[in-house]
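**Q** Have a look at this one before I ask anything.
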Amino acid sequence: MSTLSERILGATAGEYVDHKVDRAYVCDGTGMLTLETWKRMGAARLADASCLHVFFDHIVPANNSTTATLQHELREFANSSFLSLSDIGGGICHQVMSEGIVLPGEVVVGADSHSCTPGAFGAFSTGVGATDMAAIWLTGETWFRVPDSIGLHLSGSLHGAAEAKDLALSYVNRLGMDGGTYCALEFVGEGAKTLQMDERLTLCNMAVETGAKTGMFYADDITVSYLAAKGQKVSAQVPESCTYIRNLEIDLADIVPVIAVPHRVDTIKPVQDLAGLPLDQVFVGTCTNGRYSDLARLAKIVKGGKVAVRTIVVPASRQVLADAARTGILSDLISAGCTIGTPGCGPCLGAHMGVLGEGEVCLSTANRNFRNRMGVGGEIYLSSVATAAASALKGEITEPEVA
Amino acid sequence: MQGSGHAVCLGADIDTDLVIAGRYLRTKDHSLWVAHVFEDLDSAIAPRLKGAVIVAGKNFGCGSSREQAAIAIHEAGVVAVIAPSFARIFFRNAINIGLPVIECSVTCTANQNVRFDLAEGWVEAAGKKYPIRPLSPRMQEILAAGGLVNYWKAHP
Ligand code: SF4
């Protein structure tokens, strides 16, 4: 009787295991440090290169010549060593890994904290730093402490204007910024089965905001058909009864639109309490909420109107952008006055393209509102896509209307 | 491993963006990270880090996986970081670059001397000894080697 983490890692919570990794990925930032460290380790070996992925997503296209030179070095290495390379415009690492690469039951590591995202497929997927990743490049394996698991028992279904993001912000609020430290979050129960893959990815993405090692859903029919559409044939996972160190009961019908206020992700307020707060920028995108269904919800709300504040929309991947172009929602967004960025992280990490000025206020669909993250002196409020869309039209924080 | 230093007290939930901001990451020049360590938290901290033991609140190093955060603290001359709990990626990163991180609840008084002995499993501050949560044998080996690079050089 095991948790999903115990089952995948093949040991009991609390034990240390050495485990082969099925997929290991880095981004343009952590990749450079990984490459440097791998060389310092002697660069004697490289694990199966087909399992090693490199993504250019954080600062793309390069913002200055220093970044460009560092990216050039990593790109040359990836090409010459036959690593799987997703160059600029391909999209955010976690999203691309979620478009048919990560499969249920796999062990996945990414050199980025939001590598918990693909846990939505029933994989054990977690973040590591550059030095751990360099050792993984050498050997193809790493050590893990098998985590205890926290059960988030979902019942009912989301209704009204509430989105998976509101649920994510709500569970982070309930657990707190360290409530999941060293643990895995398992999203289970009848309510879990009502959530689509995009929603599950949003929920697993924010697991690390509680300190958790990963967030996981058991692969079910929704997972199987999502991956089948990407050409991957997989089977569902059947949950066993198991012991969680903590249980959280959440009725999805209780979830309402909320906003995380500066500078803590776990501090939330109902949107209505902040209604009328003037905004300088709205940002829709990131590994939390930059998927096709997110852009489609945004387009549905702003279509035919005009945004009243600068609104930056960054598709999470080239696939998302292509789908948005094909279905016409991209032109709806452009007509409504949105600015479209290169698929990738965009302004999320405050390095380029949409950096906030001193005292500016941004409503963002991202996962972090840490002090100065998007620019020194800027204030970041985090919300769902529907809240961001309604707020963009008014230029101030606005409650989303029930669809 | 043993060590000691003067205490620098920090609060809870210090995220890695506060340790080193995203705008300074794109370089191989570690001195840039040292120059800007904790800049967005409190620019008065940096000059006090040499020979210091950071005594922080819970969940130290949460947020981004950026290893530059651990490197900046280490290369600024910090001897060890003590906190009741750490974000796990920061914790691994710190061990991997040879920065001792110690899970322990210590009452912090600025500039007081703090001593620790990892093998014996204690921290001492203001004459009071506190037990620590021990590191796994593997982590102790990595730390003793001075980090994972040296560990790999020794175990090719
Ligand atoms: S979108 Fe933001 S949170 Fe996600 S990987 Fe990029 S920088 Fe990190």
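**Q** Show me, bin by bin at 20 Å from 0, the whole-percent P(r) of the protein assembly as shown based on Cα pairs.
**A** For the protein assembly as shown, the pair-distance distribution reads 23, 58, 19, 0.
**Q** For chain A, what is the mean residue ellipticity at 222 nm derived from helices alone (per DSSP H run of n ≥ 4: -39500 (n - 2.57); sum divided by total residues; nearest 500 deg cm²/dmol)?
**A** The per-residue figure over chain A is -9000 deg cm²/dmol.
**Q** As an exercise, take the mean of 1/r over every pair of distinct alpha carbons in region B:2-154, invert it, and state the Kirkwood radius in angstroms.
**A** Kirkwood hydrodynamic radius for region B:2-154: 15.2 Å.
**Q** For a paramagnetic label modelled at 7 Å from the Cα of B:GLU141 toward its Cβ, which residues of region A:119-158 fall within the zone defined by backbone nitrogen distances under 13 Å?
**A** A:143
**Q** Something else about it: When the Cα centres of region A:78-128 and region A:384-403 are compared, how far apart do they sit, in Å?
**A** One Cα centre to the other: 31 Å.
**Q** Using only the C-alpha atoms of region A:92-238, find the volume of their convex hull and express it per residue in Å³.
**A** In region A:92-238, the Cα hull volume divided by residue count equals 114 Å³.
**Q** Another one. Give me the lysines in straight-line cross-link reach of B:LYS128: C-alpha distance below 25 Å, same-chain residues under 8 apart excluded.
**A** Correct list for B:LYS128: B:LYS50, B:LYS58.
**Q** So, one more: Sticking with the crude label model, points 7 Å out along Cα→Cβ, report the distance from A:ASN247 to A:GLU73 in nm, one decimal please.
**A** Roughly 5.3 nm, to one decimal.
**Q** Given R₀ = 41 Å, FRET efficiency for B:LYS129-B:SER31 by Cβ-Cβ distance, to 0.05? Walk me through the intermediate numbers first.
**A** Working: r = 37 Å, r/R0 = 0.90.
It comes out at approximately 0.65.
**Q** By per-residue mean of other Cβ atoms within 10 Å, what is the highest-first order of B:142-154, A:9-21? All intermediate terms of the calculation are to be shown ahead of the outcome.
**A** Numbers: B:142-154: 18.5, A:9-21: 15.4.
Going by the mean number of other Cβ atoms within 10 Å, highest first, we get B:142-154, A:9-21.
**Q** For A:LYS394, give me every one of the lysines with a C-alpha distance below 27 angstrom, ignoring sequence neighbours fewer than eight places off in its own chain.
**A** Result set, ordered by chain and number: A:LYS165, A:LYS269, A:LYS300, A:LYS303, A:LYS306.
**Q** If each residue's Cβ is checked for other Cβ atoms within 10 Å, how do A:GLU99, B:GLU120, B:GLU67, A:GLU163 rank with the fewest at the top?
**A** Result, fewest neighbours first: B:GLU120, A:GLU99, A:GLU163, B:GLU67.
**Q** Right, here's the next one. Most exposed first by the Cβ proxy, i.e. fewest other Cβ within 10 Å, how do A:ASP112, A:ASP254, A:ASP28 rank? Don't skip to the answer; put the middle values down first.
**A** Values: A:ASP112 31, A:ASP254 13, A:ASP28 25.
Arranged by neighbour count, lowest to highest, A:ASP112, A:ASP254, A:ASP28 become A:ASP254, A:ASP28, A:ASP112.
**Q** Taking every residue in A:172-181, how many Cβ atoms of other protein chains lie within 10 Å of its Cβ, on average?
**A** 3
**Q** Quick check: net charge around A:ASN369, other residues with Cβ under 9 Å of its Cβ, Lys/Arg +1 and Asp/Glu -1?
**A** +3
**Q** Now for a separate question. Which whole-number value in Å³ per residue fits the convex hull of the alpha carbons of region A:326-373?
**A** Enclosed volume per residue, from the Cα hull, is 103 Å³.
**Q** Another question, then. Could you please rank B:TRP122, A:TRP38, placing first whichever residue has the fewest other Cβ atoms within 10 Å of its Cβ?
**A** Ordered by Cβ neighbours within 10 Å, fewest first: B:TRP122, A:TRP38.
**Q** Averaged across orientations, what area in nm² does the convex hull of the alpha carbons in region A:202-346 project? Walk me through the numbers on the way to the answer.
**A** Working: hull surface 46.0 nm².
The number I arrive at for region A:202-346 is 11.5 nm².
**Q** Compute the separation of the alpha-carbon centres of region A:9-76 and region A:148-214 and state it in Å as a whole number.
**A** Each part reduced to its Cα centre gives a spacing of 27 Å.
**Q** Now for a separate question. List the lysines whose Cα lies under 19 Å from the Cα of A:LYS20, skipping any in the same chain that are fewer than 8 positions away.
**A** Of all the lysines, those that pass the test against A:LYS20 - Cα under 19 Å, at least 8 places apart if same chain - are A:LYS213.
**Q** At R0 = 51 Å, how high is the FRET efficiency between A:GLU15 and B:ASN111 if r is their beta carbon distance? Nearest 0.05 is fine.
**A** Rounded to the nearest 0.05, the efficiency is 0.80.
**Q** In terms of the Cα gyration tensor, with a ≥ b ≥ c the square roots of its eigenvalues, is region A:297-403 rounded because a/c is under 1.5, prolate because a/b exceeds b/c, or oblate? Before the final figure, lay out each step's value.
**A** On the way: a/c = 1.95, a/b = 1.31, b/c = 1.50.
Oblate is the answer for region A:297-403, as a/c is 1.5 or above yet b/c matches or exceeds a/b.
Every number in this text was worked out from the coordinates using simple rules, so none of it is lab data. Predicted model only: the values in this text are computed from it and were never measured. Note that we place each Cβ from the backbone using ideal geometry, even for glycine, and neighbour counts take in every protein chain shown.
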